[in-house]
Structures are given as C-alpha cells and as structure tokens.
1. Amide H of residue 225 versus every other amide H placed in the peptide plane: which residues, excluding those fewer than 5 positions away on the same chain, fall under 5 Å?
2. Which shape class applies to region 64-123: rounded if a/c is under 1.5, otherwise prolate when a/b exceeds b/c and oblate if not, where a ≥ b ≥ c are the square roots of the Cα gyration tensor eigenvalues?
3. Just grab the label-to-label distance for residue 230 and residue 95, each label 7 Å out from Cα along the Cβ direction, in nm (one decimal).
4. Rounded to the nearest 10 degrees, what's the angle between the helix 46-55 long axis and the longest principal axis of the chain, both from Cα atoms, 0 to 90?
5. For the chain, find the longest principal axis of its Cα atoms and tell me its angle to the long axis of helix 116-131, 0 to 90°, nearest 10.
6. Note down the net charge around residue 18, summing +1 for each Lys or Arg and -1 for each Asp or Glu among other residues with Cβ under 11 Å from its Cβ.
7. In a Gaussian network model over the chain where Cα atoms closer than 10 Å are linked, find which of 64, 18, 170 has the largest mean-square fluctuation.
8. Quick one: how many Å² of residue 183 are accessible to a 1.4 Å probe, rounded to 10?
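The values are calculated or read from the model by the stated rules, or taken from the named source; none is laboratory data. Keep in mind the model is a prediction, meaning the values are calculated, not measured. For neighbour counting, all protein chains shown are included, and Cβ atoms are generated from backbone atoms with ideal geometry for every residue, glycine included. Surface areas here come from the heavy atoms of the whole protein model, side chains and all, with no ligands, DNA or RNA. Shrake-Rupley method; radii C 1.70, N 1.55, O 1.52, S 1.80 Å.
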Amino acid sequence: MTRTTDQSTGALRVLAVDDEKPALDELVYLLRAQSGVGEIHSAGDATNALRLMRAHPIDAVFLDINMPGLDGMELAGILSEFANPPAVVFVTAHDDRAVAAFDLGAVDYLLKPLREARLAEAVRRIAAARSTPALVTEQPRADPNAVIPVELGGVTTLVNRSSVSWVEADGDYARLHTSAGSHLVRIPLTALESRWENAGFLRVHRSYLVALRLVTGLRTVGTGTVVCLRADGNAAAVELPVSRRQVRELKQRLVHGPRQQRNHL
C-alpha cells in the first residue's frame, strides 16, 4: 500500500510495519491524517519492510515489536547500521520494552490502542529532529553483505553476519552455522570468502570459512592442524581442519588483522 505526495513540501516519507492487518490498516489510516506525513508504505513483516526500503527512500519507520521472523527490535538494529538510518518509532501493545527501544535510538514508543494525539507528537518529534542542524561527518556506507536472506519453507529469514560462527561448503551451496542453528544458502563458499574477507572471516580450508573473533587457538593433530572456535550463544565449541597452505595466513590474521591493516604497520 502506498500513498504519494509532493516531497517538495518536506513531508515525511514513512513506512508502517505490523504483521496484524487490522492494526496495520489503522496505523496507515492515522498516519494519513497527519499533515506532516506524505508518502506512506506498509509491510506485514521485516523482510518486506527491508525490500521496500531498498526501493523507496524512507524518513521514518513505525513498527510493531512482536512479528514473525525478525521482530521489531531486530529490524531496528539492522536499520541503525544504515549509512542514513530512518527515524524509528515503535507501536506496540507491550509496555515492557521501552528501555530496550530507546537504547536502539528510537524516537518514540507508542502503546496500542494508538491515540491520534500521541502519533501526532511522534511525527512532530521526527520533524524536529530532521530540522535540527547536525554536525556534518562522513559516514560509512551500509554494508550490503552484513545480512543474508535465508529461505526455509517459503519463509525468508534474515541472518546477520555477526551471528555466524563458521561456514561449511555444501556443493554449490554453503551452510551457515550460527548461535540459532544452521542455515543452507544458495551462495558458494568462494563467494562468501570474497564478500566477508574484510569483515573478520578467513577461509582456512577448501570446505570451511571461520569467524576470527571466535578463534581460541590452533592445535596439531597428527600431521595436520585444527583451529579451535569457542562456543557462541547456543553454538557449541568446534574444531575445524586447516589446510597446510592456510596455517601461516591464519596465524598472521590472528596477530595482525587483515592484509590492509598489516600494510600500515
């Protein structure tokens, strides 16, 4: 659902996100009544919300917390990593998540049933924040490889790279091992190696890519070497083989960091 207006007026371009259609329809209806709101998009889950944000510029996101797949808190965490993150306003029936919401940088926290006056106040806060001069600094671009979509049973789940402990080659696919379990993705291990090399991952074997932050040491087993990874959340500690030609590179990465960092030492 989309409503468009002339953006020369400075009206906010907003995205409403709620998995319950009646609640979503009411939120969109109330947003329409706000003079400071222009273009309105709506989504029933975090995956579609992110897809809409890739296609349309969004100034503010009004979102529920309890949703299937990624919940509102997790979506807000992803949005906070954008180079130009939108303002976030939580709209929820739960009053016990406000502290966590504001820790994520939320502009406001609205309780259901939503009152038009409170929504108007949230819109005013967003507009005020946009009009306040900010110290101009060069911001890093958002990393498009920080999140990987995983298809399971017709449902798309977004897996954060930061939750991945190690990756295992599985033919032309790769299996991500995370604190929440394993996920098979249609991406070759060589592609992930290239994309994640500068994000703290190293190909230690033709079949394995590991998160260097979890490495606790190397161990000799017979004539070979294994790398030891500590437990991470629900992910158990594991030992993986290291190919002979990668032992030196692994040791250098653990001591000195990525190649570009070593060049400046």
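1. Amide H neighbours of residue 225: 242.
2. oblate
3. So the label points at residue 230 and residue 95 sit 4.0 nm apart.
4. 80
5. Helix 116-131 and the main axis of the chain meet at about 60 degrees.
6. -4
7. Of 64, 18, 170, the Gaussian network model singles out 170 as fluctuating most.
8. For residue 183, solvent-accessible area is about 40 Å².
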